[in-house]
Amino acid sequence: MNVPVMEPSAVLQPVSCDSDVVAARQLARRLAVEIGFSRPDQALIATAVSELARNIVKYADEGEIELCTIASGTRFGIKVAARDRGPGVEDVELAMQDGYSTGNSLGLGLPGTRRIVDDFEIRSEPGRGLIVTVAKWR
Ligand SMILES: Nc1ncnc2c1ncn2[C@@H]1O[C@H](COP(=O)(O)OP(=O)(O)O)[C@@H](O)[C@H]1O
Ligand SMILES: [Mg+2]
């Protein structure tokens with residue numbers, strides 16, 4: 001899937017603890033409000049960002065969430081990049097399956113996020129980190 005190029009006016013949230021997860025979630029919600037997403041979509045976007053940030057803390061210890069608005073013609077949207085330099089994922093297809101978890105949790109974070117957004121891209125370099133990029137259009 002093609003995710004549009006990141007705009008220069010991006011917000012960067014370092015992520016290494018639970019309060020950073022909360023901060024990323026709030027930034028996402030604020031941006032979603034600014035862009036004019038419906039209340040249900042605001043909640044979905046906040047949840048997606050929260051799940052990606054939580055995965056960083058849990059599986060990679062630290063990383064970052066970058067948020068920005070995107071535009072195409074008269075359409076607006078939000079783009080999120082979650083990056084870390086942790087262990088990455090050996091089998092991305094497996095990690096994307098409902099219920100798959102190496103952390104004894106629900107295993108719904110990544111597949112749930114994919115269902116919520118319009119564009120979803122996951123790039124894993126095993127041993128070197130994970131980048132998940134998603135975009136949602138209003
Ligand atoms: N940032 C990450 N770095 C390394 N592995 C990850 C990362 N995010 C997710 N994973 C792997 O993908 C699996 C599925 O993630 P997810 O769907 O969020 O479910 P859960 O967090 O409940 O395990 C995780 O159990 C983990 O093995
Ligand atoms: Mg998770």
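Derivation of every value follows stated rules applied to the coordinates shown; laboratory data play no part. Only a predicted model underlies this, so the values are computations on that prediction, with no experimental measurement involved. Here the Cβ positions follow ideal geometry from the backbone for every residue, glycine too, while neighbour counts run over all protein chains shown.
Relative to the Cα centre, the charge distribution of the range 14-137, modelled as +1 at Lys and Arg Cβ and -1 at Asp and Glu Cβ, gives a dipole magnitude of about 440 debye. Which listed residue (Leu27, Ser38, Val11) has the Cα farthest towards the positive end of the charge dipole for the chain, taking +1 on Lys and Arg C-beta and -1 on Asp and Glu C-beta about the Cα centre? Sorting the options by dipole projection puts first Ser38. If you find the alpha carbon centre of the range 43-61 and of the range 27-42, how far apart are they in angstrom? For the range 43-61 versus the range 27-42, the Cα centre distance is 17 Å. The mean sequence distance of close C-alpha pairs (under 8 Å, at least 6 residues apart), as a share of the length of the range 14-137, puts its relative contact order at 24 percent.
Dividing the summed helix terms, -39500 (n - 2.57) for each DSSP H run of n ≥ 4, by the number of residues in the chain produces a 222 nm estimate of -10500 deg cm²/dmol to the nearest 500.
Please grab the % of Cα pairs in the chain that end up more than 19 Å from each other. When every Cα pair of the chain is considered, 45 percent fall beyond 19 Å.
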